[in-house]
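Quick one: the structure is below, questions incoming.
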Amino acid sequence: MSEDKERRIFSGDTLPVLPLRDIVVFPHMIVPLFVGRDKSIRALEEAMAADKNILLVAQKDAQIDDPEPEEIHPVGTHSSILQMLRLPDGTVKVLVEGQKRVRLTRYTIMEDYFSAAYEEIDIPSPPSAELEAMMRSIIDRLERYAKLNKKVPQEVLATVSTINEPGKFADTVAAHLVIKLEDKQEILETINVTERLETVLQILESEIEILQMERKIRSRVKRQMERTQKEY
């Protein structure tokens, strides 16, 4: 199958939908979530009562407390619930693992939560010299990015260096970047693996440029303050 032809696997099943305010969950990503909205808790309860599978999808506007289906992005992640814990304040802490990209095709509005039918969306990405070159370039930029942004754990470099599958590699790098939610959603919605790697590389380049500029500004301000203090 050619790389530019999207492969779709239609599912007759529906799964509960958990809208996310401030995070995009990628396939292969394990992440804790704190859930407090009634509909979201009901969706988790329904998932736990069945096969622990749920659709995690980011909201278009994080400020909306009770989003309608059209206010939720169409592409999300079919995920499994690894652990669920009720906290004393009534919220729920849940540990989830992203499994695969999906496009939500039809919502069913239940009494107190949403469920949706979905299709798996994927593109085969056989190894190639071009993809290998792009992955090496991303690792090089990621090293520079991690030195400039201390919020990125150094062990991330070791983790991504061991990933050979290009799609998983792009998703893992994207998951660890400290970037806008819109940028992460764009990467999640980029099905073609070559284009996804290109997007990750472009975002890394842009972030490095901004971080370097911030460092120069801080250094200049510090020198000015030292000079003013000395003159005083």
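The values are calculated or read from the model by the stated rules, or taken from the named source; none is laboratory data. Since the model is a prediction, treat every value here as computed from it, not as a measurement. Don't worry about glycine lacking a Cβ; one is built from the backbone with ideal geometry, like all the others, and counts go over all protein chains shown. Just the protein is used for accessible areas: all its heavy atoms, side chains included, with ligands, DNA and RNA removed. Shrake-Rupley method; radii C 1.70, N 1.55, O 1.52, S 1.80 Å.
Let's see how each residue does on (1) open to solvent by 40 Å² or more (accessible area, probe 1.4 Å); (2) of a type in the set (A, V, I, L, M, F, W, C); (3) assigned to a helix (DSSP H, G or I); (4) out of contact with any Cys (no Cβ under 9 Å at 6 or more places or on another chain):
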| position | (1), (2), (3), (4) |
| --- | --- |
| A133 | yes, yes, yes, yes |
| K150 | yes, no, no, yes |
| K184 | no, no, yes, yes |
| S206 | yes, no, yes, yes |
| V221 | yes, yes, yes, yes |
| T228 | yes, no, yes, yes |
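Also, quick follow-up: Go through the range 157-170 and report how many residues are under 18 Å from the mean Cα position of the chain (by Cα) and open to solvent by 10 Å² or more (accessible area, probe 1.4 Å). Write out each step before concluding.
Here is the first cut: in the range 157-170, the residues under 18 Å from the mean Cα position of the chain (by Cα) are 157, 159-160, 163, 165-170.
Those left that are additionally open to solvent by 10 Å² or more (accessible area, probe 1.4 Å): 157, 159, 163, 165, 168.
Total meeting the criteria: 5.
A further question on this structure: State whether the residues of the range 31-39 include one that is at pLDDT below 95, in a helix (DSSP H, G or I) and farther than 29 Å from T162 by Cα.
yes
Give me the pairs, please: first residue somewhere in the range 47-58 and over 8 Å from I81 (Cβ atoms), second residue anywhere and at pLDDT 95 or above and polar (S, T, N, Q), beta-carbon distance under 7 Å, and either six or more positions apart or on two chains.
If the second residue must be at pLDDT 95 or above and polar (S, T, N, Q), the pairs left are L56/T77; L56/S79; A58/Q185.
Same structure again: Scanning for something outside any strand (DSSP E or B) and open to solvent by less than 10 Å² (accessible area, probe 1.4 Å), does the range 50-66 turn up at least one residue? Lay out the reasoning, then the answer.
Start the filter on the range 50-66 by keeping residues that are outside any strand (DSSP E or B), which leaves 50-52, 60-66.
Going one step further and asking which of them are open to solvent by less than 10 Å² (accessible area, probe 1.4 Å), we end up with none.
The answer is no, given that none of the residues of the range 50-66 is outside any strand (DSSP E or B) and open to solvent by less than 10 Å² (accessible area, probe 1.4 Å).
What's the number of the condition V102 fails, among (1) open to solvent by 70 Å² or more (accessible area, probe 1.4 Å); (2) at pLDDT 95 or above; (3) among the β-branched types (V, I, T)?
Checking V102 against (1) open to solvent by 70 Å² or more (accessible area, probe 1.4 Å); (2) at pLDDT 95 or above; (3) among the β-branched types (V, I, T), the one that fails is (1).
Here is a follow-up. With the requirement that a residue be open to solvent by less than 50 Å² (accessible area, probe 1.4 Å) and either in a loop (DSSP other than H, G, I, E, B) or among the hydroxyl-bearing types (S, T, Y) (or both), what does the range 109-125 give you?
Across the range 109-125, the qualifying residues are Y113, S115, Y118, I123, P124, S125.
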